[in-house]
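Step one of this worksheet: look at the structure below.
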Amino acid sequence: MPKQDSIAEVRPPVVAIVGHIDHGKSTLLDYIRRTSVTQKEAGGITQHLSAYEAVHKTQNGVERTITFLDTPGHEAFASMRSRGLEVADVAVLVVSAEDGVKPQTLEALKLIDEVKIPYLVALTKIDKPGANLERARASLLEHGIYLEGLGGAVPHVALSSKTGEGVSELLDLILLAADLEGLSADPEKPGSGVVIEAHVDNRRGTSATLIVEDGSIESGEFVVAADSFAPTRIMENFMGTPLKRALPGRPVQIVGFSALPPIGAQFKTVESKKEAEEEARLAALASRPKSAPVVDKKEEKKEEEEKMRVIVPLIIKTDAAGVADAVVHELEKLPKDERLEIRVVSRGVGAITDGDVKLGIGTTPGIVVGFNVKVEREARDLAQRHNVSVEVFDVIYKLAQWLREEVEKRRPKEKQEERTGLARIVKLFSSTKNRVVLGGRVEEGELTVGAEVKILRRDLELGRGEVVSLQSGKTPVKKIEAGSEFGAMIKTGVDPAPSDKLEAFAVVYR
Ligand SMILES: Nc1nc2c(ncn2[C@@H]2O[C@H](COP(=O)(O)OP(=O)(O)OP(=O)(O)O)[C@@H](O)[C@H]2O)c(=O)[nH]1
Ligand SMILES: [Mg+2]
């Protein structure tokens, strides 16, 4: 369908809600939308990037749409927060009036500065007895957030998401800030924008949430994002209502992507499948890092032998692509240990399959961790047979806790040498460059052919050697026990003398 020439129109602003965990971001959005997401969230925290539209009636009676992005406050989700801010036109920095500025408040502020968008401060929870607006404002000031009327220019509102006080004022301020930005778009142009989240739905297939930044997406077209594309047949708004046309400034969910589109990728619309395939093919040639660095088993073995290092393969499966970053972030917080490497061999979206478990089979059994996904039966069976740990969680901190424990189980133990035998050298028969032939008596434990021995003078280790052969009388034997005399050939670089000792040992890890 040819698109007509047209003029730019004002489009709804995209507003990212950011701030410290539990400061009331989702509850504020709930109040704005009058629904109740927070009660449905696992663990009561936000762990995905989600998009909503809300309609606000301004003071002069005009109804205007605002698109909101709810971001998680938990520190593990930093990459989701920055993704939310990258597509946003305006940010709302949520700060609890009870707590004031906290670490992720400052982190969010830093990200806002990086993307250079205007922001306002929402001081939440003013209905709570512990709320102290003065103190909260002072903490903002202390951290260089200069509020309007208090020596600065940052607009701010005190509000309660329980009583609704201040919420309408916040929405007015958001629209004001957006109008100052002069946001416009041309709905007649082909749609373009950003992929903000992507997931695999067992029932419906691969889908993605997009924010249309300019133009519109029409039903019957195709969208292309990096090397993946989808028909726009199944296109829904944020509530799951089918759409024929997705307008600028709106979030839209499209089902049926040929591959999982990378989050943060730009998308555009094209008219035919052929064009879509061609664009995707070119994009695939141009980039797309190989998804998983595959572990080279031979290389792995060599390293391990050399450094006594343990490599634990980790496979991450999540409901939405963005969650894997949070898992990796949690991993990075584990104590560093030269002898242990957690290697993320694969991260993917969707149910845990036997293919995932296979990647975890190895010298050190791997870990497959899932977030909000199912585990296929074959995967469970295979994992059990190979001692691969598989677990699924719906709350990030529980996942992190389990991961810590699993890693701990695999941490290499201290290497120890335990004495298995001690012999006293009685006589030296001959000694060449690398071999000595000697006679002795086993005093403790046993001496065996092939054993590695320490050569001790009093208690000092002169060096080490290997038992090449043993004789009892004139008969070659494999082993000499305590109390018996023997003849032995030892491969060693040191020069032992009578009354030195040979100590056989085993290497153990505890
Ligand atoms: N009384 C009162 N409670 C609030 C208000 N806003 C949030 N809460 C409560 O504070 C808790 C945390 O709120 P959430 O909205 O889940 O916080 P969040 O910022 O979305 O948290 P994350 O998504 O995990 O970062 C919940 O128990 C809310 O009911 C408010 O204005 N008044
Ligand atoms: Mg939340």
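Applied to the stretch 329-346, the Karplus parametrisation 6.51 cos²θ - 1.76 cosθ + 1.60 on θ = phi - 60° returns per-residue 3J(HN,Hα) values of 4, 5, 5, 5, 7, 5, x, 6, 8, 4, 8, 9, 10, 8, 10, 6, 8, 7 Hz, with x for Gly and Pro. Lys454 contributes an accessible area of around 30 Å² to the protein surface, as traced by a 1.4 Å probe with all chains present. Taken about its Cα centre, the chain carries a charge dipole of about 2240 debye when Lys and Arg each add +1 at the Cβ and Asp and Glu each add -1 at the Cβ. Averaging sequence separations of C-alpha pairs under 8 Å and six or more residues apart, then dividing by the length of the chain, give the relative contact order as a whole percent. Reported relative contact order: 10 percent.
Among DSSP beta bridges whose residues both lie in the chain, state the antiparallel percentage, nearest 5. Each step should come with its number before you reach the end.
Working: 89 of 130 bridges.
Restricted to the chain, the bridges split so that about 70 percent are antiparallel.
The solvent-accessible area of Ile361, taken with every protein chain present and a 1.4 Å probe, is close to 40 Å².
The mean sequence distance of close C-alpha pairs (under 8 Å, at least 6 residues apart), as a share of the length of the stretch 207-275, puts its relative contact order at 44 percent. A convex hull fitted to the Cα coordinates of the chain yields 219 cubic angstrom per residue. Scaling against 2.2 N^0.38 Å puts the C-alpha radius of gyration of the stretch 21-110 at 1.12. Relative to its residue count, the stretch 467-506 spans a Cα convex hull of 99 Å³ per residue. Against the main long axis of the alpha-carbon atoms of the chain, helix 103-115 sits at an angle near 70°. Cross-link pairs exceeding 31 Å in C-alpha to C-alpha distance, out of Lys454/Lys474; Lys57/Lys128; Lys162/Lys374, comprise Lys162/Lys374. Its alpha carbons give the stretch 184-226 an Rg and a Dmax of 11.8, 37 Å. Would you work out which of Leu85, Val310, Ser430 lies farthest towards the positive end of the dipole of the chain, given +1 charges on the beta-carbon of Lys and Arg and -1 on that of Asp and Glu, about the Cα centre? Farthest along the dipole direction, towards plus: Ser430. Shown here is the pair-distance distribution of the stretch 389-510: with all Cα-Cα distances grouped in 10 Å bins from zero up to the longest one, the shares run 13, 37, 17, 9, 10, 10, 4, 0 percent. Across q = 0.15, 0.19, 0.24 Å⁻¹, the stretch 96-192 modelled as identical point scatterers on its alpha-carbon atoms has Debye log10 I(q)/I(0) values of -0.67, -0.98, -1.37, in the order of the q list. Tell me the mean residue ellipticity at 222 nm calculated for the chain from its helices only (DSSP H runs of n ≥ 4, each -39500 (n - 2.57), averaged over every residue, nearest 500). That calculation yields -7500 deg cm²/dmol at 222 nm.
The values are calculated or read from the model by the stated rules, or taken from the named source; none is laboratory data. Note that the structure is a prediction, hence the values are computed from the model and not measured. Positions of Cβ are generated from backbone atoms using ideal geometry, with glycine treated the same way; all protein chains shown enter the neighbour counts. Protein only, heavy atoms only, side chains kept; ligands, DNA and RNA dropped before computing areas. Shrake-Rupley method; radii C 1.70, N 1.55, O 1.52, S 1.80 Å.
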